[in-house]
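*Asks:* The structure is given below, and queries will be raised subsequently.
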Amino acid sequence: PPNHHPNSITIYILTNFELGAIVSGYLCAQIHGDETEWIDLKTAKEAYPIQVAEYAVANKLVSEPAFSWWVPYTLKKRDRILKAVKRRALTRKTEKFGLELPGTGPKGVRRAYKIDANTGSNHWGNAIEKEVKTVLPALRILGPNEPVSPGYTCIDLMTVFDVKMDLTRKARICARGDQTDPPLSVTYASVVTRESICIGFLLALLNGLDILSADIAGAYLNAPCAEKIYTVLGPEFGDLEGRTAVVEKALYGLKSSGFSWRSTLSKTLREEMEFEQCRGDMDVWRKPALKSNGEKYYEYIFVYTDDLMAVSENPRAILEKLGTHYMLKPDSIAEPTTFLGATISKRFVDPSDSNPNPNPNLTSKIQLEFEKKRVCCLTFWL
């Protein structure tokens, strides 16, 4: 494109005569400081739709063919999302299952203790104490007169309360990630795709392998914090209230926690368990192995943040070895019945049976659920 003024925009129109839509164009964007760069309009629209749409409105470009077909829809969708968020914030639930739900932050913590005092119980206090014991190892408490090292940013911790289906009280201490601005390089963490999971089930079926899934407890707290931050402890920490603490582990709520955890788990799988990443999906890990009959095959681990699925002749051995590095929830180690929102069923059928499907409506039922609810029910015929 020609060298225009950075605040100007030039649209090169290429029309698809079959659809009548604009398919190409360029705009000049300010990248860092005073640096500018010409960016393909399609790329800019997909990466920053709101910013590009607002720019088009501010510069009276909405009537241009390159913008008229998508800018009004994008701005209306933005307004709907903001209205829904505001409505949810204004109508926040104050009770659940008939039990009062404390708010967030220090006021919510004090209210939780007051609820226990009024009811003569210690349900919320036990939940807070349990969560504090989980989070404390991720913090380094400074001495009374110990200064914070230069370059560290102060953030707040927020306690969120919930009531489970069995009326058990739950407290979660999160970091205010909105108060930090880490580089984009430490804010992205990929997860395994559903297509890779389906291929994994197919490989297990074809090779006669077993499948076990597991959930890592407090996954983020196993990873180091990628940011330089500290906080002042609140009332939920009891006698430590008002003390300064440096965050050394990846707390929930930080923008970099997902990246830190993925990097830590990848290092363990690669160096300690000798797995390697697949080229097609970097969250699928494999390792060559031998079956009991001497046949060669690959063992697989599928990673979705803290949810794991092992495919092997002996998947329990893989999870037990991983359990020496991280704490696995004991009740989560089992054959998967659901994974990534998909319902999984396993059926054993006699090969000599002329009608292997005892329920003729099973296929139509699965298709109906997939079309309406987007739930994939996988049935394996062994």
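The values are calculated or read from the model by the stated rules, or taken from the named source; none is laboratory data. Just so we're clear, the structure is a prediction, and the values are computed from it rather than from any experiment. Neighbour counts are summed over all protein chains in view; Cβ atoms, including those assigned to glycine, are modelled from backbone coordinates with ideal geometry. Calculation scope for accessible area: heavy atoms of the full protein, side chains included, ligands and nucleic acids excluded. Shrake-Rupley method; radii C 1.70, N 1.55, O 1.52, S 1.80 Å.
*Asks:* Pop out the ³J(HN,Hα) list for the stretch 287-300 in order, Karplus 6.51 cos²θ - 1.76 cosθ + 1.60 with θ = phi - 60°, rounded to Hz; leave Gly and Pro as x.
*Replies:* Once θ is set to phi - 60°, the couplings for the stretch 287-300 become 8, x, 8, 10, 6, 5, 8, x, 6, 7, 7, 10, 8, 10 Hz.
*Asks:* Another one. First obtain the Kirkwood hydrodynamic radius of the stretch 30-86 from its Cα pairs, then insert it into the Stokes-Einstein equation at 25 °C and 0.890 mPa s, and state the resulting D in µm² per second as a whole number.
*Replies:* Roughly 198 µm²/s, to the nearest whole number.
*Asks:* I need the shape label for the stretch 84-186. Rule: rounded when a/c is under 1.5, else prolate if a/b > b/c, else oblate, with a, b, c from the alpha carbon gyration tensor.
*Replies:* oblate
*Asks:* Here's another thing I want to ask about it. Step through the residues of the stretch 68-85 one at a time and calculate ³J(HN,Hα) from phi using the Karplus curve (6.51 cos²θ - 1.76 cosθ + 1.60, θ = phi - 60°), rounding each to whole Hz and writing x for Gly and Pro.
*Replies:* Working through the residues one at a time gives 5, 8, 9, 4, x, 5, 5, 5, 5, 5, 4, 5, 5, 5, 5, 5, 5, 5 Hz.
*Asks:* Next up: Report the accessible area of V192, computed with a 1.4 Å probe over the heavy atoms of all protein chains in place, in Å² rounded to the nearest 10.
*Replies:* Using a 1.4 Å probe on the heavy atoms, I get roughly 10 Å².
*Asks:* Which value results for Rg/Rh of the stretch 234-299 when Rg is the Cα radius of gyration and Rh the Kirkwood radius based on the inverse mean 1/r?
*Replies:* Across the stretch 234-299, the Cα-based Rg/Rh ratio is 1.28.
*Asks:* Cross-link list K130/K249; K83/K255; K107/K133; K170/K321; K107/K249; K83/K249: which exceed 28 angstrom alpha carbon to alpha carbon?
*Replies:* Violating the 28 Å limit, Cα to Cα: K170/K321; K83/K249.
*Asks:* Which order do T338, T231 take by accessible area at a 1.4 Å probe, largest first?
*Replies:* Solvent-accessible surface, decreasing: T338, T231.
*Asks:* Hey, another quick one. State, as an integer percentage, the relative contact order of the stretch 156-292 based on alpha-carbon contacts under 8 Å between residues 6 or more apart.
*Replies:* Relative contact order comes out at 25 percent.
*Asks:* Can you give the net charge of the other residues whose Cβ lies under 10 Å from the Cβ of I216, counting K and R as +1 and D and E as -1?
*Replies:* -2
*Asks:* Can you give the local net charge around K291? Use residues other than it whose beta-carbon is closer than 13 angstrom to its beta-carbon, Lys and Arg +1, Asp and Glu -1.
*Replies:* That works out to -3.
*Asks:* Under the Karplus relation 6.51 cos²θ - 1.76 cosθ + 1.60, θ = phi - 60°, what is the ordered set of whole-Hz ³J(HN,Hα) values for the stretch 109-118, x standing for Gly and Pro?
*Replies:* 5, 5, 5, 4, 5, 5, 4, 4, 5, 6
*Asks:* Okay, next question. Name the lysines eligible as straight-distance cross-link partners of K45: C-alpha to C-alpha under 20 Å, and not fewer than 8 places from it in the same chain.
*Replies:* Partners found: K60, K76, K77.
*Asks:* With viscosity set to 0.890 mPa s and temperature to 25 °C, compute the Stokes-Einstein D of the stretch 178-315, Rh being the Kirkwood radius across alpha carbon pairs; µm²/s, no decimals.
*Replies:* Working: Rh = 17.0 Å.
Translational D for this selection: 144 µm²/s.
*Asks:* May I ask you to give the average projected area over all directions of the convex hull of the Cα atoms of the stretch 145-224, in nm² rounded to one decimal? Walk me through the intermediate numbers first.
*Replies:* On the way: hull surface 41.2 nm².
Value for the stretch 145-224: 10.3 nm².
*Asks:* First check a/c for the stretch 173-259, with a ≥ b ≥ c the square roots of the eigenvalues of its C-alpha gyration tensor; if it is under 1.5, answer rounded, and if not, answer prolate when a/b is larger than b/c or oblate otherwise.
*Replies:* prolate
*Asks:* To continue, here is another question. Which aspartates and glutamates have a Cα less than 20 Å from the Cα of K93, not counting those fewer than 8 places away in the same chain?
*Replies:* D116, D162, D166
*Asks:* So how many Å³ per residue does the convex hull of the Cα atoms of the stretch 183-222 work out to?
*Replies:* Dividing the Cα hull volume of the stretch 183-222 by its residue count gives 106 Å³.
*Asks:* Between rounded, prolate and oblate, where does the stretch 107-257 land on the alpha carbon gyration tensor, with a ≥ b ≥ c its root eigenvalues, rounded for a/c under 1.5, else prolate if a/b exceeds b/c?
*Replies:* Numbers: a/c = 2.79, a/b = 1.39, b/c = 2.01.
Oblate, because a/c is 1.5 or more while a/b does not exceed b/c.
*Asks:* Still on this structure: How large, in percent, is the carbon and sulfur part of the accessible surface of the stretch 229-344 at a probe radius of 1.4 Å?
*Replies:* Summing carbon and sulfur atoms, their accessible area is 47 percent of the total for the stretch 229-344.
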